[in-house]
Amino acid sequence: MASFIDPLIAFVSTHAGLAYLTLFLAALLEAVPVVGSVIPGSTIILALSALIPGGELKLEWALTAAAAGALLGDGSAFWIGHKAQREILNSWPLNKYPRLLARSEAFFRRWGALAVFFARFVPPIRAFVPITAGALGMSPLRFYTVNIPAILLWAPAHVLPGVLAISALHQYAGVPHHTGIGKHYWILSVIGGALIVALATWIIHRRNAGSADEPATEPARKKTG
């Protein structure tokens, strides 16, 4: 893995613009319905944040790229739902995910406008709540009044942990910036954690699906005299 991370760091050092584009696309695609449920956008953002303390990336531009991608992704999904109304929820490919749609709709009906705020921090319904909010008639003004503050909190929450972790390793553990050891630890930890979460989610999903598919047991027959 180190043989992969070292070239990545070197590449980002000379092509920072592509790294910011990657951050933008990761945040954007994570907000797209269906696509956002499989794209590990948060993992990509968390991993790349390790490159900020060493100067490969600038904090302000990383935050801007992540926030802009999330805003465009959420806003596009909302406007699609707002224009098409409830019909979009019954169309392909959304109709292939009835459980996620049901969860996002129940989440929205329970929390109202606050659902848009909370959903930004809760995958995978993060990719479904904006389009659901638009389809169920939420006004654009109300949506953006909640969505923009959520994004302004979400972006630092995904970028700053890597910055703080690597800075702490440099300052308190005596790890020099140029070695890249801190970046290796952080990126590997993020990727490993994401894989564990994905595996756990897959296992839970399989168990739930198996339980739903089990036929109901036949009631015991009464004994006849």
Boolean, Gly162 is open to solvent by less than 30 Å² (accessible area, probe 1.4 Å), at negative phi and not hydrophobic (A, V, I, L, M, F, W, C): yes
In the range 92-148, which residues are among the small types (Gly, Ala, Ser), without any contact (Cβ under 8 Å) to a residue 12 or more places away in the chain and assigned to a helix (DSSP H, G or I)? Ala102, Ala106
Is it the case that Ile151 is in contact with a Lys or Arg (Cβ under 9 Å, 6 or more places away or on another chain), free of Cβ contacts under 8 Å to residues at least 40 places away in the same chain and crowded, with 19+ Cβ neighbours inside 10 Å? no
Count of residues meeting criterion [in contact (Cβ under 8 Å) with a residue 40 or more places away in the chain and more than 30 Å from Ser139 (Cβ to Cβ)] in the range 40-91: 18
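One line per residue, one yes/no per condition, for (1) more than 23 Å from the chain's Cα centre (by Cα); (2) polar (S, T, N, Q); (3) at pLDDT 65 or above:
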residue: Ser139; (1), (2), (3): yes, yes, yes
residue: Leu188; (1), (2), (3): no, no, yes
residue: Val197; (1), (2), (3): no, no, yes
residue: Ala212; (1), (2), (3): yes, no, no
residue: Arg221; (1), (2), (3): yes, no, no
For Tyr97, all conditions in the list (1) modelled with pLDDT of 90 or more; (2) surrounded by fewer than 20 Cβ atoms within 10 Å (Cβ to Cβ) hold save one; what is the number of the exception? (1)
Of all residues in the range 40-64, count the ones that are more than 13 Å from Leu164 (Cα to Cα), open to solvent by 10 Å² or more (accessible area, probe 1.4 Å), modelled with pLDDT of 90 or more and part of a helix (DSSP H, G or I). 4
In the range 70-84, is there at least one residue being among the charged types (D, E, K, R), modelled with pLDDT of 85 or more, open to solvent by less than 40 Å² (accessible area, probe 1.4 Å) and over 26 Å from Val159 (Cβ atoms)? no
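The values are calculated or read from the model by the stated rules, or taken from the named source; none is laboratory data. If you're wondering where the values come from, they're calculated on a predicted model, not measured in any experiment. Every residue, glycine among them, receives a Cβ derived from its backbone with ideal geometry; neighbour counts consider all protein chains shown. Calculation scope for accessible area: heavy atoms of the full protein, side chains included, ligands and nucleic acids excluded. Shrake-Rupley method; radii C 1.70, N 1.55, O 1.52, S 1.80 Å.
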